[in-house]
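**Q** The structure is given below, and queries will be raised subsequently.
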Amino acid sequence: MPIRRTNRTNQKLWLKKNQHLKILDLGCSPMNYWKEANHFADIEDHRDHFKSLNLIYTFFKPNEKLPFKDKEFDYVILSHVLEHVPEPFNLKKEIERIGKAGYIELPTKLNDNMVFGCDEEITGHKWWFEFDDDNNKLVFAKKIDALEKFISVGSVFKLMSIFDDSLTLQLYWHDNIPLEERKPYTIEKKITFNSLVRKFIGKKIRIYLSKLKKIFRK
């Protein structure tokens, strides 16, 4: 099985026990890099920051072949990266070329529909991802807005400790990454935040009135 569901915590624990491996965190930043890795790389130039931490960092340009040798890394971390790239298949091939195994983390469709702040035209999220458990493959489709976003990135991180499996896909792969594109989802009408609030308030009022009726009947 070249790809399967996993748990971020278990992967981190395994990496801590295998620090002899060459581990790349691809697409990291000074704010969210994996300390379990021993090599870091991104299209943003963070060389000075990582140098100050005595860590190896590689800066590369977007849409170019990754500046690493074939199978150079034992393990490649790709956390919240694949949903940003214009060509997922191209990055998949490069990851398979430079790595032997690794970890992929992605927002679920629900997460991507609730959270605002990730929709920048150039660097924002472009794809929805889901995992096909029956056929053990990662499936993606062009992102659409089915729901008006109402939660900040910071707020959703606070929910991770409880709802992590509902908000993120966490996958382990080795040898290759089965990936397939599907037709975009379609919706009749986007759900607005105002409509959600109205339904919430309406429900609360109905519950309150129901309680009052029970009190007066007594």
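**Q** Looking only at helices (runs of 4 or more DSSP H) that lie completely in region 43-121, which have at least 1 residues being more than 18 Å from the chain's Cα centre (by Cα) and farther than 20 Å from residue 132 by Cα?
**A** Per the criteria, 47-52, 88-98.
**Q** Within the bounds of region 10-25, is there any residue that is under 20 Å from residue 61 (Cα atoms) and outside any helix (DSSP H, G or I)?
**A** Yes, because at least one residue in region 10-25 is under 20 Å from residue 61 (Cα atoms) and outside any helix (DSSP H, G or I).
**Q** Search region 141-169 for residues that are part of a strand (DSSP E or B) and pair each with any residue that is among the acidic types (Asp, Glu) when their beta-carbon atoms are under 6 Å apart and the residues are at least 6 apart or on different chains.
**A** Note: pairs meeting the criteria are 168/105.
**Q** For region 170-215, give me each residue that is surrounded by 11 or more Cβ atoms within 10 Å (Cβ to Cβ) and in a helix (DSSP H, G or I).
**A** 193, 195, 196, 197, 198, 199
**Q** Which ones in region 1-33 are buried (at least 19 other Cβ atoms within 10 Å of the Cβ) and of a type outside the set (Asp, Glu)?
**A** Across region 1-33, the qualifying residues are 3, 11, 15, 23, 24, 26, 27, 28, 33.
**Q** A further question follows. Could you tell me whether region 26-41 includes any residue that is within 17 Å of the chain's Cα centre (by Cα), farther than 25 Å from residue 161 by Cβ and modelled with pLDDT of 95 or more?
**A** Yes, the conditions are met somewhere in region 26-41.
**Q** While we're here: Looking at (1) in contact with a Phe, Trp or Tyr (Cβ under 7 Å, 6 or more places away or on another chain); (2) of a type outside the set (D, E, K, R); (3) surrounded by 14 or more Cβ atoms within 10 Å (Cβ to Cβ); (4) within 24 Å of residue 89 (Cβ to Cβ), can you tell me which one residue 46 breaks?
**A** (4)
**Q** Something else: Identify all residues within region 154-169 that are exposed (fewer than 11 other Cβ atoms within 10 Å of the Cβ) and either among the β-branched types (Val, Ile, Thr) or in contact with a Lys or Arg (Cβ under 7 Å, 6 or more places away or on another chain) (or both); write none if there are none.
**A** Matches in region 154-169: 162 only.
**Q** Just checking, how many residues over region 122-155 are aromatic (Phe, Trp, Tyr) and more than 16 Å from the chain's Cα centre (by Cα)?
**A** Adding up the residues that qualify gives 1.
**Q** Conditions first: (1) closer than 29 Å to residue 158 by Cβ; (2) touching a residue at least 40 places away in the same chain (Cβ under 8 Å); (3) of a type in the set (Asp, Glu). Residue 72 passes all but one, so which condition is the exception?
**A** Unmet condition: (1).
**Q** Out of the residues in region 122-135 that are surrounded by 14 or more Cβ atoms within 10 Å (Cβ to Cβ) and assigned to a loop (DSSP other than H, G, I, E, B), which is modelled with the lowest pLDDT?
**A** Applying the filter and picking the extreme gives 125.
**Q** A further question on this structure: Inspect all residues belonging to region 27-34 and state whether any of them is assigned to a strand (DSSP E or B), touching a residue at least 40 places away in the same chain (Cβ under 8 Å) and among the aromatic types (Phe, Trp, Tyr).
**A** no
The values are calculated or read from the model by the stated rules, or taken from the named source; none is laboratory data. If you're wondering where the values come from, they're calculated on a predicted model, not measured in any experiment. In this analysis, Cβ positions are derived from the backbone assuming ideal geometry, glycine residues included, and neighbour counts consider all displayed protein chains.
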